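K.L.:
Have a look at this one before I ask anything.
The values are calculated or read from the model by the stated rules, or taken from the named source; none is laboratory data. For clarity, every value in this text was computed on a predicted model and none was experimentally measured. Neighbour counts are summed over all protein chains in view; Cβ atoms, including those assigned to glycine, are modelled from backbone coordinates with ideal geometry. The protein model used for the area step is the full one, side chains on, heavy atoms only, and it has no ligands, DNA or RNA in it. Shrake-Rupley method; radii C 1.70, N 1.55, O 1.52, S 1.80 Å.
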2 protein chains.
Amino acid sequence: MKEGALEAAGDEPHSKHSTSTVRRVMNRRGLSIMDFILRLLAAAGTLASAVAMATTDQTLPFFTQFLQFTAQYNDIPTFTFFVIANSIVCAYLGLSLPLSIFHIIRSAAKNTRIILLIFDTVMMALLTAGASAAAAIVYLAHNGNASANWSSFCQQFNSFCDRISGSLIGSFGGILLFILLIITLAVAISRPS
Amino acid sequence: MKEGALEAAGDEPHSKHSTSTVRRVMNRRGLSIMDFILRLLAAAGTLASAVAMATTDQTLPFFTQFLQFTAQYNDIPTFTFFVIANSIVCAYLGLSLPLSIFHIIRSAAKNTRIILLIFDTVMMALLTAGASAAAAIVYLAHNGNASANWSSFCQQFNSFCDRISGSLIGSFGGILLFILLIITLAVAISRPS
């Protein structure tokens, strides 16, 4: 500590200044690279969620003369909304990757970062809405509700329930990544250029 | 336009610079005042939502010998979560008002704005989760779901349904205000101090 202080005091003012400028640019570039990685992870998470939910269906191995028991994700409108929301967010993340790369190259850009932050915020709201609406229905599918006379169907459609529960993970992971993305962008914007 | 350009050209460099500095400070102060107003509105919206949902109950005017038909918000766990989420967000908004006033007075502050933006983002996620989970259940209460054999109960509990539907408005308004809040903060952070 003391040695470092002595060393710093020994530096010429000019070289010290240029070092801090270089460090600041490096820092902003580091934030941009982190932004890019977070975007890739979030895109993977939402894509996995959308695919896992959309490909879910189960047909029970027994049937009566007139009826076969099947469960599909689009029996419940909330799950359709979940798939649509995740797809939109995943497409948006894919489209925002070039802008993220542009920020790595030109790390001083501010206005494009603000635009990205605005869209990120809106997309986070959309993803959270889809994920938590689906979670509310999944909870109902597991536990039912005696007061409203809604019975749970997870006893019968076991693998269907496992699948829809699992597909929430990617979405909720995506929400956390979006929070980190917004913080990263805000810190990058706050750095003086 | 042309006159303004001539006027600007006629200005001395020094006075022009100080004018733009004053304008910039005014601008940042304007953003801080907008932040304060948005916070007040969002707090009012979430408070109204929490109170409207929490005070909802309906007892049907007919009953059998052993059974009286009542509906309360805490019959459904999702609505309890909705009330808790709205209360937490409302309390947070109340606590953040002093910091917002601080930003009006000291409009150059950057680090406290970033902290505020981080908390705002997390609170927006919480509010969105509560609101959209409740919306999914309200939809079910209105329409039911034939595939899952969940019947709607809005035919019987009419005023209960109206009340829970109405209480969503404040919450969704709050989400929009949060998006505006985050944008306002990001723009304020981007202004050079």
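K.L.:
Being within 12 Å of another protein chain (Cβ to nearest Cβ), farther than 24 Å from B:Val138 by Cβ, aliphatic (A, V, I, L, M) and in contact (Cβ under 8 Å) with a residue 12 or more places away in the chain is the filter here; which residues of segment A:141-183 pass it?
P.N.:
Selection gives A:Leu177, A:Ile179, A:Leu180, A:Leu181, A:Ile182.
K.L.:
Oh, and also: (1) assigned to a helix (DSSP H, G or I); (2) open to solvent by 20 Å² or more (accessible area, probe 1.4 Å); (3) not hydroxyl-bearing (Ser, Thr, Tyr): which one isn't true of B:Pro192, the others all being true?
P.N.:
Evaluating B:Pro192 over (1) assigned to a helix (DSSP H, G or I); (2) open to solvent by 20 Å² or more (accessible area, probe 1.4 Å); (3) not hydroxyl-bearing (Ser, Thr, Tyr) leaves (1) as the failure.
K.L.:
Let me ask something else about it. Tell me, which residue of segment B:63-93 that is among the aliphatic types (A, V, I, L, M) and at pLDDT 85 or above is nearest to B:Ala141 (Cα to Cα)?
P.N.:
If we take residues in segment B:63-93 being among the aliphatic types (A, V, I, L, M) and at pLDDT 85 or above, then B:Ile76 is nearest to B:Ala141 (Cα to Cα).
K.L.:
Can I ask one more? Residue by residue through segment A:88-122, note down the ones that are outside any loop (DSSP other than H, G, I, E, B), in contact (Cβ under 8 Å) with a residue 40 or more places away in the chain and open to solvent by 30 Å² or more (accessible area, probe 1.4 Å).
P.N.:
Listed by number, the residues that qualify are A:Gly94, A:Leu97, A:Ile101, A:Ile104.
K.L.:
Out of B:Asp162, B:Asp57, B:Asp120, report the one residue that is under 30 Å from B:Arg29 (Cα atoms) and acidic (Asp, Glu).
P.N.:
Sole residue among the options that is under 30 Å from B:Arg29 (Cα atoms) and acidic (Asp, Glu): B:Asp120.
K.L.:
When residues of segment B:134-166 are filtered for being of a type in the set (Val, Ile, Thr) and either open to solvent by 30 Å² or more (accessible area, probe 1.4 Å) or farther than 19 Å from A:Ser151 by Cβ (or both), how many remain?
P.N.:
Residues that pass the stated criteria total 2.
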